[in-house]
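Written below as structure tokens is the structure these notes are about.
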Amino acid sequence: MPPFDDTEVYRSILESLPVAVCVVDLQEKIVLWSDGAEKITGHPRHEVIGHSYAAETLLPCDQPGCESSGKDCPLVRAIKMSHVIEGIGYLRHKAGYEIPVRIRAVPVHNAHGSIIGAVETFEDDASASPDHHEDSLKLPGCVDESTGLANHAIMQSHLRETLGTFHEVKVPFSVLYFQLDGLHRFRANFGVEAAELLVGVVARTLEGAIWKTDFVGRWSEDQFMVILNGCREDALYAVRERIRRMVAGNAIDWWGERRSLPIVIGEATVQSSDTLERLVERAEKSLTAASAERSQAATASGNATFGSH
């Protein structure tokens, strides 16, 4: 038999590709997982072959925070609609954070023309990846050592600069204020290492969620701030919900359990009378109100502040 008539040769070629490639059958079971897929997701081949991509939430989706089992996900649409699906999406790395990727899902047909599954390729979306202003962060004292993000002092500097631009030329902007609710208790229960790991996961997701013109940094021990340049109040809800869905799924594997914390979000859009202090105060009040609302809801439902899943 000629060597290239052997299907295992083609499997070997596909598995060795540096591009992330995944093939699923009609039962949504993963039947092929390339070296590139291992690298970009953090999941080695032996962990995923034969598993349902929907159950494992492994593959990228064009909906932030999607659990990859919805009817609108690219692989499902490619199979049901029998045509190529392309777009920008998100995948959850094994470490727990979400990153933007470029997706292409294609239905697979047999010799008779029947669909037998789908193949999806995904790669880091450099065009959607934010510019994290690395040059400014190379200076001593600019970086939060735990996350690699801008520290509090640098975020204050960015806020002053952005506020000054608004007062001069009226370029609008908004801020989002993120808090890991219950981080102190989480640290007390699971230790410093677990807490820092979870903080890092949230930081990576936020870093991947913003655009090139935006800024993200660590505001305090359990808080992050995002400055959304050009974001008006009427657009803030959609942006906040997109990022909220991304961070809502953040968790870490710790001693055999998935551990996470609720993320509470405050917000503020710049006003003509704003000083830095007034803007931050409004964002803090919004965060406090959101935290109180979440606490009341958690108490009513009997949910713990942190948990496993």
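Quick look at the values:
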{"quantity": "Heavy-atom accessible area ranking, 1.4 Å probe, most first, across 11, 258", "calculated": "11, 258"}
{"quantity": "Förster radius 45 Å - calculated FRET efficiency between residue 168 and residue 84 (Cβ-Cβ, nearest 0.05)", "calculated": "0.45"}
{"quantity": "Pairs of alpha carbons in region 144-284 whose separation is greater than 27 Å (percent)", "calculated": "21 percent"}
{"quantity": "Extension gain (nm, one decimal) between residue 258 and residue 142, 0.36 nm per residue minus Cα-Cα", "calculated": "38.6 nm"}
{"quantity": "Region 215-296 - Kirkwood radius from inverse mean 1/r over Cα pairs (Å)", "calculated": "14.4 Å"}
{"quantity": "Extended-chain gain in nm, criterion 0.36 nm per residue less alpha-carbon gap, residue 276 and residue 193", "calculated": "26.5 nm"}
{"quantity": "With all protein chains modelled, accessible area of residue 155 [1.4 Å, Å²]", "calculated": "0 Å²"}
{"quantity": "Heavy-atom accessible area ranking, 1.4 Å probe, most first, across 52, 34, 82", "calculated": "82, 52, 34"}
{"quantity": "Simple label model, 7 Å out from Cα along Cβ direction - residue 19 to residue 49, nm", "calculated": "2.1 nm"}
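The values are calculated or read from the model by the stated rules, or taken from the named source; none is laboratory data. Quick caveat: nothing in here was measured; it's all calculated off a predicted structure. Positions of Cβ are generated from backbone atoms using ideal geometry, with glycine treated the same way; all protein chains shown enter the neighbour counts. Surface accessibility is based on the protein's heavy atoms, side chains included, excluding ligands, DNA and RNA. Shrake-Rupley method; radii C 1.70, N 1.55, O 1.52, S 1.80 Å.
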